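Written out below as structure tokens is the structure these notes cover.
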Amino acid sequence: MTDELKEQLSEVKLQLRLSMNGAVSASMREKGLHYRVNFGVELPRLKQIAKKFEKNRVLAQYLWNENVRESKILAAFLMPVDEFLPEVADIWVEDIRTQEIAELTTMNLFQYLPYAPSKAFQWIADGREYFQVCGFQLVARLLAQKGDMEERVANEFLDQAVAAFLSGSYAVKMAVMAALRRYMQHSLEHAFKVCRKVESCCESADDNAKSLYRFVSEEAQPWRE
């Protein structure tokens with residue numbers, strides 16, 4: 001580790017200690033957000049801290065490896081997109097343990113990667129929880145950017161979304177809903193397509209299937225008015 005990197009890491013830790021908020025940290029624990037270390041620093045303050053540093057791959061990787069909530073959030077801000085290799089992206093996702101880190105890393109880093117579309121579908125096809133969470137969140141972000149996807153890709157997305165919702169964890173379901181919502185908001189055609197995809201869930205005895213049907217019906221309601 002170079003002296004410059006040591007100084008940068010020391011400065012990051014100092015800024016985090018100066019900004020720590022015990023009440024926020026305690027509130028997160030009460031809500032089930034468990035981290036090995038959590039200073040309770042809020043996102044606007046973390047953005048300010050990130051602006052004090054230039055993007056740096058080595059610094060970002062060290063911060064990510066520290067397994068501290070705030071360090072992981074800062075790592076996503078500070079990782080240069082053009083130096084973040086696809087295989088490293090997989091390693092980062094494998095290390096994610098909370099919905100918060102999945103959402104923020106997707107928002108602040110993953111959605112800007114040049115290979116984001118292929119990674120999104122690779123991750124949603126993965127059986128591991130946070131790979132799917134990041135994959136569906138990334139689909140939602142890409143839809144917000146581009147608005148649509150090719151029909152073949154859309155069919156694959158919808159098949160994966162329904163399967164993941166019916167068998168996935170709470171975090172996976174939330175990510176699926178975010179992606180489906182964004183897809184349905186694009187057009188009446190999209191909304192109708194999703195409705196047709198889940199119509200059999202209406203008569204299902206499975207609670208997950210019924211929940212999916214209710215969600216889609218509610219999201220399609222504006223198009224009916």
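The values are calculated or read from the model by the stated rules, or taken from the named source; none is laboratory data. Remember, predicted model here, so these are calculated numbers, not experimental data. Cβ sites come from the backbone with ideal geometry, for glycine too, and all protein chains shown count toward neighbours. Each accessible area value is taken on the protein alone, full model and side chains, heavy atoms only, with ligands, DNA and RNA left out. Shrake-Rupley method; radii C 1.70, N 1.55, O 1.52, S 1.80 Å.
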Single condition Tyr130 does not satisfy, out of (1) closer than 23 Å to Asp82 by Cα; (2) in a helix (DSSP H, G or I): (1)
Selection from the range 91-106 of residues that are surrounded by fewer than 16 Cβ atoms within 10 Å (Cβ to Cβ) and assigned to a helix (DSSP H, G or I): Ile91, Glu94
Gly127 being small (Gly, Ala, Ser), loosely packed, with under 15 Cβ neighbours inside 10 Å and under 30 Å from Trp92 (Cα atoms): yes
Among (1) out of contact with any Pro (no Cβ under 7 Å at 6 or more places or on another chain); (2) part of a helix (DSSP H, G or I), the one test that Lys119 misses: (1)
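Do we find that Lys6 is basic (Lys, Arg) and in contact (Cβ under 8 Å) with a residue 12 or more places away in the chain in this structure? Give the derivation first.
Working: basic (Lys, Arg): yes; in contact (Cβ under 8 Å) with a residue 12 or more places away in the chain: no.
When the stated conditions are applied, Lys6 does not pass them.
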Residue within the range 139-159 that is over 23 Å from His190 (Cβ atoms), open to solvent by 40 Å² or more (accessible area, probe 1.4 Å) and touching a residue at least 24 places away in the same chain (Cβ under 8 Å) present: no
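Being under 17 Å from Phe121 (Cβ atoms) and of a type in the set (D, E, K, R) is the filter; apply it to the range 81-90 and report the residue that is least open to solvent (accessible area, probe 1.4 Å). First the steps, then the outcome.
Going residue by residue through the range 81-90, those that are under 17 Å from Phe121 (Cβ atoms) are 86-87, 89-90.
Now narrow it down to the ones that are of a type in the set (D, E, K, R): 87, 90.
Details: Glu87: 103, Asp90: 36 Å².
Ranking the candidates gives Asp90 first.
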Elements of type helices (runs of 4 or more DSSP H) in the range 4-86, at least 3 residues being at pLDDT below 85: 22-30
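Can you tell me how many residues in the range 59-115 are of a type in the set (Gly, Ala, Ser) and within 13 Å of the chain's Cα centre (by Cα)? Can you show your working first?
Here is the first cut: in the range 59-115, the ones of a type in the set (Gly, Ala, Ser) are 60, 71, 75-76, 89, 102.
Now drop any that are not within 13 Å of the chain's Cα centre (by Cα), which leaves 76, 89, 102.
Residues meeting the conditions: 3.
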Condition broken by Cys201, with the remaining ones in (1) within 19 Å of Pro117 (Cβ to Cβ); (2) surrounded by 13 or more Cβ atoms within 10 Å (Cβ to Cβ); (3) at pLDDT below 95 satisfied: (1)
Identity of the residue in the range 179-189, within 25 Å of the chain's Cα centre (by Cα) and free of Cβ contacts under 8 Å to residues at least 40 places away in the same chain, that ends up farthest from Ser169 (Cα to Cα): Ser187
Tabulated pairs, the range 53-68, first within 17 Å of Phe39 (Cβ to Cβ), second assigned to a helix (DSSP H, G or I) and among the β-branched types (Val, Ile, Thr), C-beta under 7 angstrom, 6+ apart or interchain: Leu63/Val12
Qualifying residue in the range 210-217 (condition: surrounded by 14 or more Cβ atoms within 10 Å (Cβ to Cβ), under 18 Å from the mean Cα position of the chain (by Cα) and within 27 Å of Thr98 (Cβ to Cβ)): no
Single match in Tyr183, Tyr170 (criterion: open to solvent by less than 20 Å² (accessible area, probe 1.4 Å), among the hydroxyl-bearing types (Ser, Thr, Tyr) and either more than 15 Å from Val139 (Cβ to Cβ) or at pLDDT 95 or above (or both)): Tyr183
